[in-house]
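The values are calculated or read from the model by the stated rules, or taken from the named source; none is laboratory data. These numbers come from a predicted model, not from an experiment. Glycine gets a Cβ as well: all are built from the backbone with ideal geometry, and neighbour counts include every protein chain shown.
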Amino acid sequence: MPVITYREALRAAMSEEIERDPNVVLMGEEVAQFNGAYKISEGMLAKYGPKRIVDTPISEAGFIGMGVGAAMLGLRPVMELMFFSFYSVAFDQIFNNAANIRYMSGGLINCPIVIRGPANGGTNVGATHSHTPESIAAYHPGIKVVVPSNAYDAKGLMKSAIRDNDPVMFLENTILYGEACEVPDGEYLVPLGKASVMRAGTDISIIGHGRSIQLALKAADLLKEKHNINAEVVDLRSIRPLDVDTILNSVKKTSRCLYVEESKPFCSVGAMVACLISDQAFDYLDAPVKRLTSIDAPAIYSPPLEKLQLPSVERIYQAALDTLK
Amino acid sequence: MFADLSLNNGTLAPHYYFNLKAFPVTKKPSSSKKPEVTNLGYDARQAPINIKLGQDEKIALYRDMVRIRRFEERCLRSYQQGKIGGFLHLYIGQESIAVGCTSVMGKDDHIITAYRDHGHALAVGMGMNEMMAENYGKVTGCSKGKGGSMHYFDPSRNFWGGHGIVGGQIPLGTGLAYALKYKGLKGACMAFMGDGSVNQGAVHESYNLAALWSLPVIFIIENNGYSMGTSQERSSAGPSLAQRAEGYGMNWAIIEDGHDVLAVRDQVGQALKLAHDKSLPSVLEIRTYRYRGHSVADPDTTYRDKAEIEAYKSTKDPLSVFQLSLLAEQTLTTELIQKIDESARAEAETSAQFAEASPYPSLEDIKKDVYWEIDNPADRKSVGALFFD
Ligand SMILES: Cc1ncc(C[n+]2csc(CCOP(=O)(O)OP(=O)(O)O)c2C)c(N)n1
Ligand SMILES: [Mg+2]
């Protein structure tokens with residue numbers, strides 16, 4: 001099977017969907033002539049032309065809102081935010097318009113837009129550029145949220161997101177763009193709302209999303225190597241819809257859960273998952289659900305300190321041991 | 001030159017109009033980097049604000065531009081050595097704007113800018129040590145290593161950052177002006193932005209607020225022709241960026257000679273006077289050019305050609321142009337030029353050593369400077385948990 005990067009997987013997914021559906025357009029700052037700030041769309045302008053691959057001015061509220069309006073009339077815009085952090089400039093368009101339009105119209109309108117871009121810290125770009133908005137996004141009924149942790153999922157989820165009839169916030173990761181894995185050629189879909197058990201285990205469920213999964217897999221290796229602990233690693237892949245069954249089944253098997261994510265702790269996805277487990281699997285638990293997040297402060301710039309602020313293999317390993325005590 | 005709507009009652013005075021395309025590309029790139037002539041578009045030396053400048057003041061303007069350039073060249077080296085993380089946006093080529101604008105500031109005048117902030121910071125008197133240490137993420141940095149190159153601040157010098165979100169600083173600048181007016185101070189705020197920033201809604205909302213409430217704010221567009229890889233004509237509709245002010249009944253002007261520190265002083269000085277005397281806002285579009293990529297990570301090979309950069313450098317380099325003019329009037333000598341240059345290089349080198357030798361913040365520092373109340377526990381009035389695990 002071909003090994004391709006997360007970046008190439010995203011490009012392949014968008015290209016296949018552009019070829020498949022004349023209503024799909026890719027739009028954003030520097031996506032066309034500059035080939036994308038992170039080169040996700042490299043070569044796409046040359047291949048698909050300026051009608052399908054569109055450079056926008058720096059006007060996030062304007063062009064994201066425009067995408068919402070275009071989606072209402074049946075286009076399937078894929079809107080790139082150069083950094084997902086800039087979603088805050090378009091907050092009203094996303095959370096008042098995209099999220100509510102179907103409801104307020106009594107189901108007369110739907111909004112098949114994808115808003116995508118990197119949503120992560122760890123690259124020393126400071127607090128304004130390092131937001132992780134998955135819990136804020138998923139808070140809003142009407143919005144769907146996906147966070148692929150690897151190239152295979154990135155492609156399959158992107159294709160599903162573009163075909164989805166609801167607004168999808170698709171959170172990528174600059175640190176993962178260059179990471180590669182086996183990805184089959186051609187058509188396959190990863191459905192929204194289906195978690196993936198990345199590693200089977202019996203002693204503890206390490207559940208999470210995004211890049212934290214890559215770290216969790218390494219921590220699980222360490223736990224096995226040093227303590228003969230068999231950790232199960234569950235990648236949610238999508239936050240809303242959320243695969244509650246897979247979460248509960250895993251916890252019922254292992255009786256312990258550590259949730260790992262790069263977000264800040266307050267009202268995080270992990271907080272939601274902990275609540276679901278406590279509601280629906282309380283009797284199976286041998287320990288409180290533990291969460292590992294970024295240290296609760298805006299993203300610090302200082303490169304060595306930012307490393308410490310974020311989840312790391314070492315911190316996950318320690319938190320898992322604490323949960324197993 | 002400067003349109004004063006309050007005087008003309010809606011009739012605009014003539015402005016500088018200019019070729020809307022990015023700087024004309026000369027077909028044959030000039031090999032020499034230094035202009036042969038002083039290349040002043042009009043003789044800004046004769047403007048009242050400049051005529052009274054003493055020799056020392058002119059030398060200081062020149063020195064400040066040299067210091068910015070040498071500091072940034074040293075930053076670039078450190079970045080290439082892996083000492084600086086994230087982004088590094090260099091101001092090289094635009095020095096005349098920060099220096100010209102800040103040179104007319106009085107005690108109650110304030111500035112705010114975007115992420116390309118090294119020039120403004122040095123121009124208001126911030127030290128190279130604290131700036132370089134910030135780039136290195138050290139605790140001795142101006143923001144204790146928390147903000148990085150894009151997020152310098154020094155309220156004690158009326159410098160309010162250093163902002164990473166394009167256009168996000170403009171409402172803040174408008175708010176600084178509001179506070180000045182509210183407090184009855186005779187001051188103004190210069191709110192700097194790039195040519196790409198003018199298309200953010202927040203900028204337009206600020207224009208309206210400033211005009212509606214007669215706020216003493218000067219919106220300064222540093223038009224270097226590009227927002228990242230997008231040329232101005234590919235991002236902005238309308239005849240010019242500054243002219244959008246007309247829609248709000250605001251004063252506006254285009255400064256074509258943005259490379260000329262004295263021209264910048266002249267025009268900004270007029271806008272500042274309008275803000276001080278009549279509490280009127282203005283939009284100034286200053287034509288300039290950046291020599292380096294958008295940030296150091298930008299390979300700068302796709303959206304413009306080297307000839308365009310060389311053409312600008314060879315005729316309009318702000319340092320060379322001013323240097324030639326000062327040499328001609330014998331304010332500068334070749335010895336003094338050399339001395340200024342050496343001392344700027346040494347200062348930059350020292351700052352790199354200072355940054356290198358400084359410690360990083362501690363793990364505990366991550367949670368400091370988040371809440372005023374946590375940093376001032378004796379004065380805390382709220383109760384309950386502010387931080388979570
Ligand atoms: C809201 C927002 N959108 C996009 C960006 C990414 N970005 C940073 S600088 C920049 C170009 C800005 O160009 P301009 O305003 O002309 O300023 P210059 O860089 O030329 O000084 C872009 C797109 C950002 N930082 N914030
Ligand atoms: Mg620009």
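Within the option set B:Gly162, B:Gly145, being in contact (Cβ under 8 Å) with a residue 12 or more places away in the chain, within 12 Å of chain A (Cβ to nearest Cβ), under 14 Å from the mean Cα position of the chain (by Cα) and surrounded by 20 or more Cβ atoms within 10 Å (Cβ to Cβ) holds for one residue only, B:Gly162.
What do you reckon, is B:Glu364 more than 14 Å from chain A (Cβ to nearest Cβ) and of a type outside the set (Val, Ile, Thr)? In short, no.
Quick check: anything in the stretch B:266-282 within 14 Å of ligand 1 (Cβ to nearest atom), closer than 24 Å to B:Ile165 by Cα and not in a helix (DSSP H, G or I)? No, that holds for no residue. Remark: B:Ile68 matches the filter, which requires a residue to be assigned to a helix (DSSP H, G or I) and either at pLDDT below 95 or aliphatic (A, V, I, L, M) (or both). Name the single residue, out of those in the stretch A:296-309 being surrounded by 24 or more Cβ atoms within 10 Å (Cβ to Cβ) and more than 7 Å from chain B (Cβ to nearest Cβ), that is farthest from A:Ser268 (Cα to Cα). So the residue we want is A:Glu306. For residues in the stretch B:188-239 being farther than 30 Å from B:Tyr312 by Cα and within 13 Å of ligand 1 (Cβ to nearest atom), which is surrounded by the most Cβ atoms within 10 Å (Cβ to Cβ)? This residue is B:Ala202. Residue check: B:Val139 meets all listed conditions (1) surrounded by fewer than 24 Cβ atoms within 10 Å (Cβ to Cβ); (2) of a type in the set (A, V, I, L, M); (3) touching a Pro at 6+ places or on another chain (Cβ under 8 Å); (4) over 30 Å from B:Gln353 (Cβ atoms) but one, namely (4). When you look at B:Tyr312, is it assigned to a helix (DSSP H, G or I), within 16 Å of ligand 1 (Cβ to nearest atom) and in contact (Cβ under 8 Å) with a residue 40 or more places away in the chain, yes or no? Yes.
In the stretch B:240-255, what residues are away from ligand 1 (no atom under 15 Å from the Cβ), buried (at least 21 other Cβ atoms within 10 Å of the Cβ) and in a loop (DSSP other than H, G, I, E, B)? Once the filter is applied, which keeps residues that are away from ligand 1 (no atom under 15 Å from the Cβ), buried (at least 21 other Cβ atoms within 10 Å of the Cβ) and in a loop (DSSP other than H, G, I, E, B), the stretch B:240-255 yields only B:Met250.
Residue by residue, here is whether (1) within 16 Å of ligand 2 (Cβ to nearest atom); (2) out of contact with any Gly (no Cβ under 7 Å at 6 or more places or on another chain); (3) modelled with pLDDT under 95; (4) within 14 Å of chain A (Cβ to nearest Cβ) holds:
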residue	(1), (2), (3), (4)
B:His120	yes, yes, no, no
B:Met126	no, yes, no, no
B:Met150	yes, no, no, yes
B:Gly196	yes, yes, no, yes
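A search for C-beta distances below 7 Å between a residue of the stretch B:120-132 that is on the phi < 0 side of the Ramachandran plot and of a type in the set (Asp, Glu) and any residue that is assigned to a loop (DSSP other than H, G, I, E, B) and surrounded by fewer than 21 Cβ atoms within 10 Å (Cβ to Cβ), counting only pairs 6+ apart in sequence or on different chains, returns B:Glu130/B:Thr140. When the stretch A:16-69 is examined, which residues are found to be facing chain B (nearest Cβ under 10 Å) and part of a strand (DSSP E or B)? Listed by number, the list holds a single entry, A:Asp55. Of everything listed in (1) among the small types (Gly, Ala, Ser); (2) surrounded by fewer than 22 Cβ atoms within 10 Å (Cβ to Cβ); (3) in contact (Cβ under 8 Å) with a residue 40 or more places away in the chain, the single unmet condition for A:Ala119 is (2). Looking at the stretch B:256-265, which of the residues that are in a loop (DSSP other than H, G, I, E, B) and crowded, with 24+ Cβ neighbours inside 10 Å is nearest to ligand 2 (Cβ to nearest atom)? Only one residue fits best here, namely B:Gly258. The single condition from (1) assigned by TED's automatic domain parsing to the domain that holds A:Met82; (2) farther than 20 Å from A:Arg240 by Cα; (3) touching a Lys or Arg at 6+ places or on another chain (Cβ under 6 Å) that A:Thr174 fails is (3).
Here's the yes/no breakdown for (1) outside the structural domain of A:Gly121 (by TED's automatic domain parsing); (2) among the β-branched types (Val, Ile, Thr); (3) within 22 Å of A:Gly121 (Cα to Cα); (4) buried (at least 18 other Cβ atoms within 10 Å of the Cβ):
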{"residue": "A:Met14", "(1), (2), (3), (4)": "no, no, no, yes"}
{"residue": "A:Glu17", "(1), (2), (3), (4)": "no, no, no, yes"}
{"residue": "A:Val25", "(1), (2), (3), (4)": "no, yes, no, yes"}
{"residue": "A:Gly28", "(1), (2), (3), (4)": "no, no, yes, yes"}
{"residue": "A:Gly65", "(1), (2), (3), (4)": "no, no, no, yes"}
{"residue": "A:Pro77", "(1), (2), (3), (4)": "no, no, no, yes"}
{"residue": "A:Ser85", "(1), (2), (3), (4)": "no, no, yes, yes"}
